[in-house]
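What follows is one structure encoded as structure tokens, with my remarks underneath.
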Amino acid sequence: MDFLRCLAVQEDVELTVYTYQKQDLVHSYWALGDLGYASCSLGAAVRIGPSLLHFRLLNPFFLRSFDMVAVMAHSHITSLLAYFWCLVWGIPYVYMADTVWERISSLWARSMKAVIYQRAAFLFVPGAVSARFFARAYGIAPDKVMMGYYNFSYAKIKAWAEAGRIDRLETRRALKVNAEDELSIMVANFLPFRKQLGLIQSFNFSDGQKLILVGEGTCLAECKTYVEKNKLDHRVIFIPGLPFEKMVKLLVACDVYVHSGKEPYSTMPLLAKLVGLRLGRHGDIPAYADVGEETWAEKFDAHKVAVAFADRCRIVRSKQ
């Protein structure tokens with residue numbers, strides 16, 4: 001993550017990142033290169049239903065050596081244990097999430113979440129839609145919420161996009177797309193909640209309309225079968241997951257970004273807007289309201305977000 005790389009070089013910041021798995025199995029093709037910060041796996045874990053419990057978090061003293069803790073991946077018991085030990089030892093923690101709706105709404109779950117949110121040093125969320133959710137559902141004051149959880153190195157993305165624009169016509173020729181064709185793209189792994197098959201079935205394949213779908217996953221085969229059966233091979237282009245740099249260069253060869261399915265936030269509509277694509281049809285993704293804001297592009301440069309995050313942490317430390 002560009003944000004973590006930038007945070008690691010801030011003055012007085014000594015950053016260690018613990019990951020839930022040894023490697024990102026979902027986006028291994030991103031090829032992000034040198035992380036630029038210390039990172040290691042939490043180690044052995046047991047799966048309990050859909051959740052992971054890492055044995056290291058059973059040690060009550062594991063987190064005690066840290067001045068602050070930031071926690072994500074809240075579907076895991078490991079995260080809940082991290083909050084618990086922070087509360088026990090009085091360690092300030094940051095709650096990081098892209099929540100925009102209530103997924104578990106039982107009384108006990110809401111009560112537990114209310115304690116976690118209200119006792120946090122601050123909440124770190126992607127944008128205004130998420131901030132409004134926490135204010136409306138849990139009374140979290142705006143000054144306790146920092147936006148920018150999803151961010152990019154603007155300098156890096158700009159350089160990749162400029163290189164992609166130089167090769168735009170060549171890229172389209174390689175894809176057998178004419179210069180005058182309108183080319184839409186969606187970049188996301190093929191998972192049930194993304195509903196790419198529904199996107200293909202309802203897409204308007206009039207003259208000059210083509211669609212690129214980039215990604216991998218369990219629902220890819222059924223999408224390819226539908227395309228072959230309905231003779232849409234010349235309209236729908238499937239591309240496996242790409243390294244991040246190549247993905248940005250492909251984006252700028254397209255005209256419209258589309259995104260089907262239901263999820264709270266996605267980095268891709270934000271990235272597409274940043275590199276100049278027009279945003280087209282989308283599913284139930286509340287974050288599109290954020291992307292539509294005129295000042296959005298000024299908010300989430302990774303370097304600026306890291307500086308603001310470090311400043312906020314220093315304020316928290318000074319009040320201890």
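Only the coordinates and a few stated rules stand behind these numbers; no lab work does. Please read these numbers as outputs of a predicted model, since none were measured by experiment. Please note: Cβ atoms are built from the backbone with ideal geometry, for glycine as well, and neighbour counts cover all protein chains shown.
General remarks:
- For the chain, built as a Gaussian network whose Cα springs stay under 10 Å, the top-fluctuating residue of C223, C40, C86: C40
- Computed from backbone phi, the HN-Hα couplings of the stretch 48-62 come to 10, x, x, 9, 10, 10, 8, 4, 4, 6, 6, 7, x, 9, 4 Hz, rounded to whole numbers (Karplus: 6.51 cos²θ - 1.76 cosθ + 1.60, θ = phi - 60°; Gly and Pro given as x).
- Inter-part distance where the stretch 123-148 and the stretch 239-284 are each reduced to a Cα centre, Å: 25
- With the convex hull of the Cα atoms taken as the outline of the stretch 73-162, the averaged projected area works out to 7.3 nm².
- For the chain: relative contact order, % (alpha-carbon pairs under 8 angstrom, 6 or more apart): 18
- Our summary gives the stretch 12-167 a relative contact order of 14 percent, counting only alpha carbon pairs under 8 angstrom and 6 or more residues apart.
- By the helix-only formula, in which each DSSP H run with n ≥ 4 contributes -39500 (n - 2.57) and the sum is divided by residues, the chain has a 222 nm mean residue ellipticity of -11000 deg cm²/dmol.
- Ordering of 4-11, 232-239, 269-276 by packing [mean C-beta count within 10 Å, highest first]: 269-276, 4-11, 232-239
- Remark: relative contact order (the stretch 104-223) = 19 percent; criterion is Cα-Cα distance under 8 angstrom and separation of 6 or more residues.
- For the residue pairs K249/K304; K158/K195; K113/K195; K144/K195; K22/K156; K262/K304, the alpha carbons lie more than 32 Å apart in K144/K195.
- Taking P243, P126, P92 in turn, the Gaussian network model of the chain (Cα-Cα springs below 10 Å) assigns the largest fluctuation to P243.
- Protection proxy ranking for 255-264, 311-320, 95-104, 61-70, using the average of other Cβ atoms within 10 Å per residue and placing the highest first: 255-264, 95-104, 61-70, 311-320.
- Each label point was placed 7 Å from the Cα along the Cα-to-Cβ direction; for S39 and L58 their separation is 2.8 nm.
- Percent antiparallel among DSSP beta bridges (both partners in the stretch 26-149, rounded to 5): 30
- For the chain, a Gaussian network of Cα nodes joined below 10 Å ranks A253, A44, A188 by mean-square fluctuation, and the top entry is A44.
- Only Cα sites of the chain enter the Debye sum here, all with the same form factor; the resulting log10 I(q)/I(0) across q = 0.09, 0.13, 0.16 1/Å is -0.53, -1.06, -1.47, listed in q order.
- Couplings for the stretch 267-279, taken from phi via the Karplus curve 6.51 cos²θ - 1.76 cosθ + 1.60 with θ = phi - 60°, read 5, 5, x, 5, 5, 4, 5, 4, 8, x, 6, 7, 8 Hz in order; Gly and Pro are left as x.
- Residues whose placed amide H lies under 5 Å from that of M146, excluding near-sequence neighbours: L123, F124, V125
- When restricted to Cα atoms, the stretch 223-293 yields an Rg and a Dmax of 13.6, 41 Å, respectively.
- Square roots of 5 times each gyration tensor eigenvalue, C-alpha, the stretch 154-297, largest first, Å: 22, 19, 14
- Against the chain, whose longest principal axis is taken from its Cα atoms, helix 128-138 shows a tilt of about 40°.
- Note, ³J(HN,Hα) from phi for the stretch 104-117, Karplus 6.51, -1.76, 1.60, rounded to Hz, x at Gly and Pro: 10, 10, 5, 4, 5, 5, 5, 5, 5, 5, 4, 5, 4, 5
- Cα-based helix-to-principal-axis angle, 302-318 vs the chain, degrees rounded to 10: 10
- Using bins of 5 Å that start at zero, the share of Cα-Cα pairs per bin across the stretch 54-118 amounts to 3, 16, 29, 26, 15, 8, 3, in whole %.
- Helix 220-229 vs. the chain, principal-axis angle (Cα, 0 to 90°, nearest 10): 20
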